[in-house]
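Notes to accompany the following structure.
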Amino acid sequence: MEVYFDNSATTRCYESVKDIVVKTMMEDYGNPSAMHRKGVEAENYVKKFAGIIAGILKVQEKEILFTSGGTESNNLALIGGAMANRRSGNHIVTTMVEHAAVSQPAAFLQEQGFEVSYVPVDNQGRIKLDALKSVLRPDTILVSVMYVNNEVGAVMPVEEIGKLVHELSPKALFHVDAIQAFGKYRIHPRKAGIDLLSVSGHKIHGPKGVGFLYISEKAKVQPLILGGGQQNGMRSGTDNVPGIAGLGAAAEEIYRNLEKNNEHLYSLKEYIAKGLERIPDIRINGMPLREGAPQILSISVMGVRSEVLLHALEDREIYVSAGSACSSHKRKPSATLSAMGMSGDQIESTVRLSFSESNTIEEADCFLRAMEELVPMLRRYSRR
């Protein structure tokens, strides 16, 4: 039995997504910038799915900008947002647990002369609000915080953060990286005070290579890709119609059964956490199970290196992740786990399980049986 517990790295496409991607590649394949009927047909897909996504977020269609994925959305939000608002201030705030698609643009902006403050988190991975308050200033122009941490599933209090940002730094744009949250939470940017919101298609059973950035109509953002002036000049290049259609179809489907899906994910997470209690010295990381994100379970199997466990499980067709799977196979100590105050030994033994609504209790039992057999054996080898 194949057991895929790495859904925060990527997901299998829905059948509805596959069907519409094929249709827009093979039948309705026109260039949406063309003036003839084939072009208009293609453009209609872009408009339709921008409208569907805007409806889910309760925002305007014109505030949805399609991108090549989460990394581009984050880069545009940070670099485009900072550059467009430079005259208002020079200060940027983010956290110590951001994905590289936020922390690297922040480091780049620092090299360009911006001042960047990094806010710490507690031992569950949640932002320390008092620390955030202490760094927000009148000249802060951008605050970027992830909604759900991709490694441990910690959920940030985005509405509280939004209130603090707009109260203490009225000129600042509030950016939220919602790449692990969209499709798991009902997100309404206006209500939460969010100006910029990043989403990726392949985390929600959509295609790879597509995402979007919600940009509030009040927010100033400088384009990073120049050319033919598509998407109101904000992102040049021929619109990726199959990707956009697939992303929209995935968003529509995942939100249709959101509460039912989430209950299934939480039940699965609790079932596995309970089963792991049978094996000594396994630690559950992050927030209490029902308070963290429904799809992510971070565990530390003390005495076993994460890569060793990952490959031992892989031999049994069980797929998990050693930390984040989005950084080109590089293995360096996780900034998130370090910021949470974990010891080196615990960081080295941490793996992430991440679920989708199609995972089953049978798969969970298969994983638990494998763990009960493998962990004692791997611990014996590691002591030699």
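Bear in mind these aren't lab numbers, they're just calculated from the coordinates by the rules spelled out. What you are looking at is a predicted structure, and each value in this text was computed from that prediction instead of being measured. Here the Cβ positions follow ideal geometry from the backbone for every residue, glycine too, while neighbour counts run over all protein chains shown.
So, in Å, what gap is there between the alpha-carbon centers of the range 216-273 and the range 345-368?
With the range 216-273 and the range 345-368 each reduced to a Cα centre, they are spaced 25 Å.
Cut-off is 10 Å between beta-carbons; in what order do 174, 367, 108 appear when sorted fewest neighbours first? Each step should come with its number before you reach the end.
Working: 174 27, 367 22, 108 15.
With the fewest neighbours first, 174, 367, 108 line up as 108, 367, 174.
Going by amide H atoms built from the backbone, whose H comes under 5 Å of the H on residue 208, apart from near neighbours?
So residue 208 has HN proximity to no qualifying residue.
Determine the principal axes of the Cα atoms in the range 89-235, then give the extent along each, sorted from largest to smallest and rounded to whole angstroms.
43, 34, 30
Under the Karplus relation 6.51 cos²θ - 1.76 cosθ + 1.60, θ = phi - 60°, what is the ordered set of whole-Hz ³J(HN,Hα) values for the range 65-80, x standing for Gly and Pro?
10, 7, 10, 8, x, x, 5, 5, 4, 5, 4, 5, 4, 6, 6, x
Rounded, prolate or oblate: which fits the range 1-155, taking a ≥ b ≥ c as square roots of the Cα gyration tensor eigenvalues, rounded meaning a/c under 1.5, else prolate when a/b beats b/c? Intermediate values should be presented prior to the final figure.
On the way: a/c = 2.70, a/b = 1.55, b/c = 1.74.
Because a/c hits 1.5 or more and a/b fails to exceed b/c, the range 1-155 counts as oblate.
Nearest 0.05, what FRET efficiency do residue 130 and residue 220 give at R0 = 25 Å with Cβ-Cβ as r?
With a Förster radius of 25 Å, E is 0.25.
Order by neighbour count: 290, 86, fewest other Cβ atoms within 10 Å first, most last. If you can, show how the numbers build up before the last one.
Numbers: 290 9, 86 14.
Least crowded to most crowded, the residues run 290, 86.
Report, by chain and number, residues whose modeled amide H sits under 5 Å from the one on residue 302, excluding near sequence neighbours (fewer than 5 apart, same chain).
283
Order these by the 10 Å Cβ neighbour count, fewest first: 146, 371.
The most exposed by this proxy come first: 371, 146.
In whole Hz, what ³J(HN,Hα) sequence does the range 5-18 give by Karplus (6.51, -1.76, 1.60; θ = phi - 60°), x for Gly and Pro?
10, 9, 6, 7, 7, 6, 10, 6, 5, 5, 4, 4, 5, 4
Using modelled backbone amide H atoms (1.01 Å from N, in-plane), which distant-in-sequence or interchain residues come within less than 5 Å of residue 342's amide H?
Here the answer is none, since no amide H 5 or more places off falls under 5 Å of that of residue 342.
Just give me a number: lysine pairs in the range 125-227, eight or more positions apart or cross-chain, with C-alpha atoms less than 21 Å apart.
Summing the qualifying lysine pairs gives 15.
Over the chain, what is the percentage of antiparallel beta bridges among all DSSP beta bridges, to the nearest 5?
In the chain, DSSP labels about 50 percent of beta bridges as antiparallel.
At a Förster distance of 41 Å, what's the computed FRET efficiency of residue 26 paired with residue 314, Cβ-Cβ distance as r, to 0.05?
Details: r = 35 Å, r/R0 = 0.86.
So, using R0 = 41 Å, E works out to roughly 0.70.
Step through the residues of the range 95-100 one at a time and calculate ³J(HN,Hα) from phi using the Karplus curve (6.51 cos²θ - 1.76 cosθ + 1.60, θ = phi - 60°), rounding each to whole Hz and writing x for Gly and Pro.
Once θ is set to phi - 60°, the couplings for the range 95-100 become 10, 7, 10, 6, 5, 4 Hz.
Which aspartates and glutamates have a Cα lying under 20 Å from the Cα of residue 23, excluding residues fewer than 8 positions away in the same chain?
15, 41, 43, 239, 252, 253
Relative contact order for the range 1-131: what percent, with Cα pairs under 8 Å and sequence separation of 6 or more? Don't skip to the answer; put the middle values down first.
Values: 103 pairs, mean separation 16.7, N = 131.
Reported as a whole number, the value is 13 percent.
Counting pairs of alpha carbon atoms under 8 Å apart in space and at least six apart in sequence, what relative contact order in percent does the range 15-256 give?
Numbers: 496 pairs, mean separation 65.3, N = 242.
It rounds to 27 percent for the range 15-256.
Could you grab the Rg to Rh ratio for the range 225-356? Cα atoms only, Kirkwood for Rh. All intermediate terms of the calculation are to be shown ahead of the outcome.
Numbers: Rg = 19.3 Å, Rh = 17.6 Å.
With Rg and the Kirkwood Rh in hand, the quotient comes to 1.09.
What translational D, rounded to a whole number of µm²/s, comes out for the chain from Stokes-Einstein when the hydrodynamic radius is the Kirkwood one over Cα pairs, at 4 °C and 1.567 mPa s? It would help to have the intermediate numbers written out before the result.
Values: Rh = 21.6 Å.
Answer, rounded: 60 µm²/s.
Which residue fluctuates the most in the chain, going by a Gaussian network model with Cα springs under 10 Å, if the choices are 199, 221, 40?
Maximum among the listed residues: 40.
For the chain, what does -39500 (n - 2.57) per DSSP helix run (n ≥ 4), summed and divided by total residues, give at 222 nm, in deg cm²/dmol to the nearest 500? Before the final figure, lay out the partial values.
On the way: 14 runs with 154 residues, N = 384.
It comes out at -12000 deg cm²/dmol, rounded to the nearest 500.
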